[in-house]
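The structure appears below as structure tokens.
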Amino acid sequence: MNALVLGSPQVVPAVVSAVVGAGFVGAIRRYTKDRNPRRYEPKLAWMRACAYFAFAWALGFISGAVSTIAQNPIVFPGQIHNIAWWIFTLIAVAVVVVGYWIIWPIGTRAHGRKIVIPETPIFGILWGLSEGMIFASVFVTADRIFGVADLGHRLAVFATCYLALSLFIGLWHAIYWDIYIAPEHNVLEWNIRKVILAHNPNVTITTAYVIVFGNVSFYVLLQAIALFGATLAMPFPSFRHENPEVDPDNPPRRDVSGLVCVLTGVGSSTITNVATDLAEVGAKVVLVTNDVGSAQEIAQTIARWTLNTGIDVVEADLTTASGAQSLAERLVNAYGGVDVLVDDWAGADKSGDVRALIARHKAGLALQEHLVEVNPRELRIIVVGAEDHRGVERRELVAVAQGAEVGLTLPTLSAVRIACALGLSRQLGTQGSHATVQVVASGNQVGNSTAEPSGAAAFFSTIFQSNLDPALSYVQLVRSTTPAPATGGYWTNCQPQDVAEVVLDEQLQRELMLWSGQ
């Protein structure tokens, strides 16, 4: 049994830390009053992080974690001669070093950022000690409730710490930290591996270590070592610098000032983010919708955030081919042509009405085809696809090709869209058209399921969904100077993918094209 003595809560320091955190929250609100709060800015990220750090220390003081650390030695008497303590300590250090200094960097992309001295190391220290304080607070609270007198109590403390810390870290990073504080860094295919090979072993081994031996100082220090490594691998940017424009992992950017960019599916928050980013770099943004009132509110918000007043709202019914044809002609007459079409005509429909989705699918292709026919400019079409296509059953797609309109999952229809958009691209290529078609996944990992989640799964899916990653993919394709390699290609996570990922053979694609009336 460990010799740990629990410290008392410290109310005054906790209140002071909470007030500091509240001060940062107030500063954040003032700073973002006339800014786009979803746009990543290093200065704003530092302010948000400092608020989090202050509240973490407030928790450390009020839980008694800080006083516990102060009242206990770093190494307890007898541990220095305890071979079991040495072995467990080395195992805990190895788990953290391997997980966060080897595995975590492999699944991390720096996107052109460099370590900035002294800001990046300072951030790593603050982050590590603050999140370590949250770990210590949870442990001290669980120990205070259950104690560690016997195996049963120790298991209760471990279960409490493991569940609370895993739930907190997962939700906090998914909902806020990885969106508004940490810069883009995840290699999405590595997210699950990071959890399995870094995060879970860390929580499991270090929590067991502190329960058995009581070294709370080491518990905090191990988290500091872990997150210091993560900070350097990102690396976290300086608050003195803007986020770097040069990104070696993504296509070179073209100037989109004055380009007419038409976006459908305005009800989608992803499309709103795309429109905001394009307006910010000077594009002429046109929002197509059948809900003019809501779209005008979105346009006004974007104009306030970006100081770009050239945002128009065009009403159109895209549920019919005639409505799509009329829209194509009106766009060309009003703007003299269209440079970019970001087409999300089915993505915003969450009703589950398969017939409506199929109608939108056909009308969407009609919009693309008619716009190509009447548009005098070189047109870049970006079709917004979904990621869940790899596991789609062939029999479902055959049923679609044969005219079935019921019993289809949304991912099945997404696969139909991908197949037909790729077919349209090849068709345009053979006709010598001045248009390119690029199909983009929503930015999440491909092929997780073939059905829409329901119940609790749907609730957590909504929470975990980040609309910033897919928006980044779309904007990067709009601004890419070299669309040719991606013509007819399929993109996900900002990178071109092999068309074979769609898992559709040529015969089935021909059947789908025939069904679509192409």
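The values are calculated or read from the model by the stated rules, or taken from the named source; none is laboratory data. Computed from a predicted structure; not experimentally measured. Don't worry about glycine lacking a Cβ; one is built from the backbone with ideal geometry, like all the others, and counts go over all protein chains shown.
Couple of notes before you dig in:
- Taken together, V203, V246, V220 contain a single residue that is among the β-branched types (V, I, T), over 19 Å from the mean Cα position of the chain (by Cα) and at pLDDT below 85, which is V246.
- In the range 28-44, the residues that are in the same structural domain as I302 (by TED's automatic domain parsing) and more than 12 Å from Y180 (Cα to Cα) form no Cβ pair under 7 Å with any partner that is loosely packed, with under 14 Cβ neighbours inside 10 Å and modelled with pLDDT under 90, whether six or more places apart or across chains.
- Residues located in the range 1-41, provided they are over 19 Å from S130 (Cα atoms) and in a helix (DSSP H, G or I): G26, A27, I28, R29, R30, Y31
- One residue alone among L287, L318 is closer than 19 Å to N333 by Cβ and in contact with a Phe, Trp or Tyr (Cβ under 7 Å, 6 or more places away or on another chain), and that residue is L318.
- Residue identified as of a type in the set (K, R) and modelled with pLDDT under 90 among R29, R48, R109: R109
- Of everything in the range 42-87 that is outside any helix (DSSP H, G or I) and in contact with a Phe, Trp or Tyr (Cβ under 9 Å, 6 or more places away or on another chain), the residue that is nearest to T276 (Cα to Cα) is I74.
- Scanning the range 57-100 for residues that are within 32 Å of the chain's Cα centre (by Cα) and loosely packed, with under 14 Cβ neighbours inside 10 Å returns a single hit, A94.
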